[in-house]
Ligand code: B1M
């Protein structure tokens, strides 16, 4: 059996390469992930397929072993960095679809939470669908969302939370929007692994979005409905 250093990524078949990339993501090997991403693109894979099959699926395995105490924070950080280096290559390709401008979305991970891979993915896919995306980054208190809404006048506000301890903060943001009388000016979309539809409606969001593709579909659908309502008002 070949040693890890003997493996030449470009000589692997597509299926072998994807499995190898899952291993490399697990091991936090940034350069190998960049190389694998470029090889798949060079073989004609569309960026979304590289993203979902090679990167997101690899990260799912990392998540399971993190949950089970097999991987720890420093290792998962390396995996996250490797994932981001692949996403960095894909981002301009996903954004360059020439889709007509759909609207603006402000998105950020809520206060107390530093997970940003999922949020970044949502931002990339929304850009690819023609939305302008204002990304507030991680650990956002309500004031950050308010300032960005004031400055950018988005149609959509997106919030991400990956921890059961930070997801309730989404309600703080929505309640503040209500207090300020601006809740109904916005489509509020929420997402993140521990959320579900029930939670989304309980906190008063317009929709819970399971993943980045669902976010794009939901955003387009709700934007259309809003335009139709305005047209018939
Ligand atoms: Co953290 N972490 N983490 N972590 N981490 C989880 C979330 C956890 C489930 C792992 C586990 O135990 N199985 C667990 C949470 C448990 C819980 O709350 N019940 C956990 C924990 C406990 C922690 C720490 C507390 C660990 C510690 O310090 N002891 C700590 C918290 C730090 C903090 O935020 N204050 C911590 C730290 C970290 C790292 C820094 C090491 C790293 C983050 C690096 C980074 O993001 N830059 C990390 C990672 C990577 C994970 C896991 C392994 C992977 C998350 C990820 O990137 N997934 C995660 C395990 C898991 O989720 N299964 C875990 C890939 C990504 C593509 O999926 O983010 O779900 P996801 O995004 C999806 C959808 O959810 C949705 O679309 C995305 C794309 O399809 N979506 C949205 C997400 N946001 C959206 C917003 C939208 C719409 C859709 O807006 C409209």
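Determine whether segment 177-197 contains at least one residue that is surrounded by 14 or more Cβ atoms within 10 Å (Cβ to Cβ) and over 23 Å from residue 225 (Cβ atoms). Looking through segment 177-197, at least one residue is surrounded by 14 or more Cβ atoms within 10 Å (Cβ to Cβ) and over 23 Å from residue 225 (Cβ atoms). When you look at residue 50, is it under 19 Å from residue 124 (Cβ atoms), in a helix (DSSP H, G or I) and within 16 Å of the ligand (Cβ to nearest atom), yes or no? Yes. Can we say residue 1 is more than 30 Å from residue 151 (Cβ to Cβ), modelled with pLDDT under 95 and part of a loop (DSSP other than H, G, I, E, B)? Answer is yes for this residue. The condition of being modelled with pLDDT of 95 or more and within 16 Å of residue 117 (Cβ to Cβ) holds for only one of 8, 39, 33, 70, that being 33.
Considering segment 53-63, and only residues there that are within 7 Å of the ligand (Cβ to nearest atom) and touching a helix residue (DSSP H, G or I) at 6+ places or on another chain (Cβ under 6 Å), the residue that is farthest from residue 26 (Cα to Cα) turns out to be 59.
The C-beta contact set for segment 97-114 (first residue at negative phi, second residue modelled with pLDDT under 95 and assigned to a loop (DSSP other than H, G, I, E, B), distance under 7 angstrom, 6+ apart or interchain) comprises 99/129; 99/130; 100/130; 101/130; 102/129; 102/130. The residues of segment 64-81 that are over 22 Å from residue 31 (Cβ atoms) and outside any helix (DSSP H, G or I), listed by number, are 68, 69, 70, 72.
State which residue is nearest to residue 222 (Cα to Cα) when the search covers only segment 106-117 and only residues that are crowded, with 21+ Cβ neighbours inside 10 Å and within 8 Å of the ligand (Cβ to nearest atom). The extreme case among them is 107. Please go through segment 27-40 and give me each residue that is part of a helix (DSSP H, G or I) and in contact with a helix residue (DSSP H, G or I) (Cβ under 6 Å, 6 or more places away or on another chain), ordered by number. 30, 32, 33, 34, 35, 36, 37, 39, 40 - these are the residues of segment 27-40 that are part of a helix (DSSP H, G or I) and in contact with a helix residue (DSSP H, G or I) (Cβ under 6 Å, 6 or more places away or on another chain). Just to be sure I understand, how many residues within segment 118-138 are surrounded by fewer than 24 Cβ atoms within 10 Å (Cβ to Cβ) and either over 17 Å from residue 213 (Cα atoms) or out of contact with any helix residue (DSSP H, G or I) (no Cβ under 6 Å at 6 or more places or on another chain) (or both)? Residues meeting the conditions: 9. Here residue 78 meets the list (1) farther than 24 Å from residue 134 by Cα; (2) in contact with a helix residue (DSSP H, G or I) (Cβ under 7 Å, 6 or more places away or on another chain); (3) surrounded by 15 or more Cβ atoms within 10 Å (Cβ to Cβ); (4) at pLDDT 95 or above almost entirely, failing just condition (2).
Report every pair of residues separated by at least 6 positions or lying on different chains whose Cβ atoms are under 8 Å apart, first residue within segment 117-128 and farther than 15 Å from residue 48 by Cβ and in contact (Cβ under 8 Å) with a residue 60 or more places away in the chain, second near the ligand (Cβ under 6 Å from one of its atoms) and assigned to a helix (DSSP H, G or I). Short answer, once both residue conditions are applied: 118/212. Within segment 204-219, if we keep just the residues that are within 7 Å of the ligand (Cβ to nearest atom) and modelled with pLDDT of 95 or more, the residue that is surrounded by the fewest Cβ atoms within 10 Å (Cβ to Cβ) turns out to be 210. For residue 152, the conditions (1) at pLDDT 95 or above; (2) touching a helix residue (DSSP H, G or I) at 6+ places or on another chain (Cβ under 6 Å) all hold with the exception of (2).
The values are calculated or read from the model by the stated rules, or taken from the named source; none is laboratory data. What you are looking at is a predicted structure, and each value in this text was computed from that prediction instead of being measured. Using ideal geometry, Cβ is built from the backbone for each residue, glycine included, and neighbour counts are taken over all protein chains shown.
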